[in-house]
Amino acid sequence: MLFKKMWRDLLQNKTQFISIFLMALLSMFIYVGLDAESSGALIAANNYYESLNLADLWIMGSGFSDDDVKLLSKVKGVQLVEREIYVTGTVNMEENPYMYAEFLTTNEISKMSLFEGEKYREGAEGIWLEKLFCEKNNIKVGDNFSFKVMGANVDTIVKGIVDSPEYVYYVSEEDVMYPNYAKCCLGFLSYNSFPINPSTYNRIRIKAKEGTDVSALKKRVEDTLNREDIAVTDRNQNLSYATFDSEIKQHKVFGIMFAVVFVLIALLGIITTMARVTANQRTQIGTLKALGFSKRAITWHYVSYGFVISLVGSLCGALLGVLTLPPWILGMFEGVYIMPGLKGHVSTESLLVLAASVLVSTLVSYLSCRKELIEPPAVTLRPKAAKKIKTSLFEKSIIWRMLNFSTQWNIRDVSRNKIRSLMGIIGVLGCAMLLLTGFGCLDSTNGMIDTMYGQLMTANNKVVFSSDAGYDFAYDFSKKYKGQMIEEVSVEFVSTTQKKNGSATIIDKGNYVNFQDKNHNNIKLTKTGIAMSYKMAQNLNVKQGDFVSWHIVGDDKWQKTRIAQIYRDPSVQGIAMKRDVFESLEYDFIPTGVLTNKSVDKSLTDEEEISTILNITDMKATFSKTMEMMYSMIFIMIFAATLLGFIVLYNLGVLSFVEKTREVATLKVLGFSSSKIRGILQKQNIWLTCIGIVFGIFAGIFVLVAMCSAVSESLDLFPVVSIPTYIYTVIGTFLVSIAVNFMFSGKVKTIDMVDALKGVE
């Protein structure tokens, strides 16, 4: 009997139960889908790195011998040591693609993954090329291949098509963030194929034994070699590993913050719905008790409502999220990251959140039912009597008498139904908060691009020099094009608590590079000390006035300098200083590029000294491409926020209208027309919507700031909320709220006044 009743109730109250289903579905769709994407990417990366035995340490330098390899093999914690020659060059084909060439001995560390051709073996002839470069340039196994390194041409044959765990992400030395694998080649050859027949190596890979503390091992390796001209880096300092890891962590943070907000709002709606649905069945509970059903049987009957609906909705949402969001978002990784096996994965964390959501819904059903079961059947068989109303002091005041009837009625209704009114405000607040956060993320991302290429860098062109260019060439070029010389180098930082990698920017005289403080006001670099980016200072746990140790990667000479200024930079984290300060530290200023507003012919890239020429449009487009995945997540949030807001407000509107039935019927008895009553209800809705929007805007700003501060270490995302975003948030929320209210205010005509007033005593 109770089972039949459950299905009958579901049909009779389908609007409320469908809304519960949709809220549970949408919240789990967002949470499980986004978590499955980041968890799946992390698992794929870990499996890939483990299967191909990714190195734990890299040693860069020159003049490494077999004796160094033997010495390192004896260091505690070292499992394997491999050496190689690592050089850059160009491919002898149209547009001269940039090339990374590795001349290997063995390949037991950071193994190549073979797709086509022969497996690499020590001393083998030929070259093994990265898969995407081959695909984009239609290169096949057996083709002739020619490239140039260190001034020597190398002619060989393609023996295999591969990828490498060290190159999940790589870019040429052309100062671009978005990889172009058609114009950047990665090739592996035998050590014997090196054209100059060297007797020493310039890079060593180390694989640590399982369970070894890599940081401690790094220190032991440095102490063992005891050389000032080497740089030892770990995985976190490896460009490929760190970039992909940062991307996944960023997705994880965004996914969690988006999803938690969605889950909390959805749970609030579910809690409210179940509490009110159970309370509205008060007389049915009394009837069941009178018919002899036990309290336990009735309790489990009503508990099943929340359990079944939230469970089915959550499972459907989780399934839909796993099937749609990971393939879509991870599909955008193609062309950016070379990571096989990317697919969604449902984590234990997602299952726990799903179970918690169902448990909360079930618990609310239980508590609501339990409250009604306390009273005897004789009481619960009758509708709940109207509340005894006390006249407030405000209602006795002169101001009260000056108000019109509709205002008086709404004030009374709001003050005497505080929970109902509060839930309506919270529903509007949630909708406004999500909309502002979504559009605010879009503003912040676009603002970051405008800040980088409009305020911090004002040049129209950036000319990047190759390693062959010296100071004299750079100086003459800057004079010819009235440009500003800059030097950008990789730097390792050490504070009392942290060690991080970043960059150093050294600027010569000119006006094309600007720096801003935390208030986005332009500042001039000081003549003493260094300036540090806000994000790097935060990562190192240092502040203005502190001292920090740093050295240029590849140069073992350490500096300890005072942080004279803190500046904000969205994408480049590290330090900046004037040329004079840099040279006072006994460094030679060797420009890596020139910034200019003069037109630069791109045919100049044919010169050996010039690596690439980038105009501001190219740089903006490149950076926008790197943010495509973030844009996708933002659009998902905006769409889901609108949908969730509508569902929550619609559900609250249904329940609110049901609870107002008696009051509306009373007004109709007193002679108020349906249009007049609708006007009264709309007025209250506007009040609550305005209050909800105000608090929702403040809540949205808070969430936006939290999300911006939680992004990766390499990005300093400024929270920006534009005027249009405020307008979109207010108008969007109002439209949803008023549309929902209009749907129910139109039902005033359909109220059965006799039935609505039965409970009046």
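The values are calculated or read from the model by the stated rules, or taken from the named source; none is laboratory data. On a predicted model such as this, the values are computed, not experimentally measured, just so you know. Virtual Cβ from ideal backbone geometry, glycine too; neighbours counted across all protein chains shown.
Suppose we keep only residues that are in a loop (DSSP other than H, G, I, E, B) and aliphatic (A, V, I, L, M) within region 48-66. Which one would you say is surrounded by the fewest Cβ atoms within 10 Å (Cβ to Cβ)?
Top of the filtered list is Leu52.
Give me the pairs, please: first residue somewhere in region 624-640 and in the same structural domain as Ser714 (by TED's automatic domain parsing) and buried (at least 17 other Cβ atoms within 10 Å of the Cβ), second residue anywhere and of a type in the set (D, E, K, R) and modelled with pLDDT of 75 or more, beta-carbon distance under 8 Å, and either six or more positions apart or on two chains.
Met629/Glu247
Mind listing whichever residues of region 489-538 are among the acidic types (Asp, Glu) and surrounded by 17 or more Cβ atoms within 10 Å (Cβ to Cβ)?
Matches in region 489-538: Glu492, Asp508.
Filter region 196-226 down to the residues that are over 35 Å from the mean Cα position of the chain (by Cα), surrounded by 15 or more Cβ atoms within 10 Å (Cβ to Cβ) and outside any helix (DSSP H, G or I) and list them by number.
Passing the criteria: Tyr201, Asn202.
Would you check which residues across region 500-532 are in contact (Cβ under 8 Å) with a residue 24 or more places away in the chain and of a type in the set (D, E, K, R) and list them?
Lys500, Asp508, Lys509, Asp517, Lys518, Lys527 - these are the residues of region 500-532 that are in contact (Cβ under 8 Å) with a residue 24 or more places away in the chain and of a type in the set (D, E, K, R).
In region 443-463, which residues are of a type in the set (A, V, I, L, M) and at pLDDT 85 or above?
Matches in region 443-463: Leu456, Met457, Ala459, Val463.
Could you tell me which residue of region 11-44 is surrounded by the most Cβ atoms within 10 Å (Cβ to Cβ), considering only residues that are modelled with pLDDT of 80 or more and among the charged types (D, E, K, R)?
Among them, the one singled out is Glu37.
Each row is one residue, and each column tells you yes or no for (1) under 18 Å from Phe133 (Cβ atoms); (2) part of a strand (DSSP E or B); (3) without any contact (Cβ under 8 Å) to a residue 12 or more places away in the chain; (4) out of contact with any Gly (no Cβ under 9 Å at 6 or more places or on another chain).
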site	(1), (2), (3), (4)
Asp68	no, no, no, yes
Thr90	yes, yes, no, yes
Tyr100	yes, yes, no, no
Ile109	no, no, no, yes
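On the basis of being assigned to a helix (DSSP H, G or I), of a type in the set (Gly, Ala, Ser), at pLDDT below 80 and at negative phi, does Gly430 make the cut?
No; evaluated as a whole, the condition is false for this residue.
Identify all residues within region 25-47 that are of a type outside the set (A, V, I, L, M, F, W, C) and within 18 Å of Gly331 (Cβ to Cβ); write none if there are none.
Selection gives Gly33, Asp35, Glu37, Ser38, Ser39, Gly40.
Can you tell me which residues in region 53-81 are under 28 Å from the mean Cα position of the chain (by Cα) and of a type outside the set (Gly, Ala, Ser)?
Leu54, Asp56
Report whether or not Lys119 is surrounded by fewer than 19 Cβ atoms within 10 Å (Cβ to Cβ) and either at pLDDT 90 or above or in a loop (DSSP other than H, G, I, E, B) (or both).
Yes.
Consider Ile590 carefully, then state whether it is of a type in the set (A, V, I, L, M, F, W, C), in contact (Cβ under 8 Å) with a residue 60 or more places away in the chain and under 26 Å from Asp716 (Cα atoms).
For Ile590, the condition - of a type in the set (A, V, I, L, M, F, W, C), in contact (Cβ under 8 Å) with a residue 60 or more places away in the chain and under 26 Å from Asp716 (Cα atoms) - is not met.
Check whether at least one residue in region 474-483 is crowded, with 17+ Cβ neighbours inside 10 Å, modelled with pLDDT of 85 or more and either part of a strand (DSSP E or B) or among the basic types (Lys, Arg) (or both), and report yes or no.
no
Looking at region 35-53 only, could you name the residues that are closer than 22 Å to Ala216 by Cβ and either among the acidic types (Asp, Glu) or touching an Asp or Glu at 6+ places or on another chain (Cβ under 7 Å) (or both)?
Those that are closer than 22 Å to Ala216 by Cβ and either among the acidic types (Asp, Glu) or touching an Asp or Glu at 6+ places or on another chain (Cβ under 7 Å) (or both): Glu50, Asn53.
Residues of region 111-138 being in contact with a Gly (Cβ under 6 Å, 6 or more places away or on another chain) and of a type in the set (Phe, Trp, Tyr), which ones?
Trp128 - this is the single residue of region 111-138 that is in contact with a Gly (Cβ under 6 Å, 6 or more places away or on another chain) and of a type in the set (Phe, Trp, Tyr).
In region 122-138, how many residues are surrounded by 17 or more Cβ atoms within 10 Å (Cβ to Cβ) and in contact with a strand residue (DSSP E or B) (Cβ under 6 Å, 6 or more places away or on another chain)?
9
I'd like the full set of residues that are over 21 Å from Lys543 (Cα atoms) and either outside any strand (DSSP E or B) or at pLDDT below 80 (or both), limited to region 493-512.
Within region 493-512, Asp508, Lys509, Gly510, Asn511, Tyr512 meet the criteria.
Among the residues of region 227-258, count how many are among the aliphatic types (A, V, I, L, M), farther than 20 Å from Leu54 by Cβ and not in a helix (DSSP H, G or I).
Number satisfying all stated conditions: 1.
Taking the conditions exactly as written (at pLDDT below 85, out of contact with any strand residue (DSSP E or B) (no Cβ under 6 Å at 6 or more places or on another chain) and in the same structural domain as Arg83 (by TED's automatic domain parsing)), does Asn197 satisfy them or not?
Considered against the rule, which asks whether it is at pLDDT below 85, out of contact with any strand residue (DSSP E or B) (no Cβ under 6 Å at 6 or more places or on another chain) and in the same structural domain as Arg83 (by TED's automatic domain parsing), Asn197 comes out as yes.
In the list Gly269, Gly306, which residue meets the criterion of being at pLDDT below 70 and in a helix (DSSP H, G or I)?
When all the criteria are applied, what remains is Gly269.
If we scan region 166-180, do we find a residue that is within 21 Å of Glu102 (Cβ to Cβ) and part of a helix (DSSP H, G or I)?
Yes, the conditions are met somewhere in region 166-180.
Looking at region 686-705, I want the residues that are free of Cβ contacts under 8 Å to residues at least 24 places away in the same chain and have a partner that is outside any helix (DSSP H, G or I) with Cβ atoms under 7 Å, at least 6 apart or on another chain. Which pairs are those?
Within 7 Å, the pairs are Val705/Pro719.
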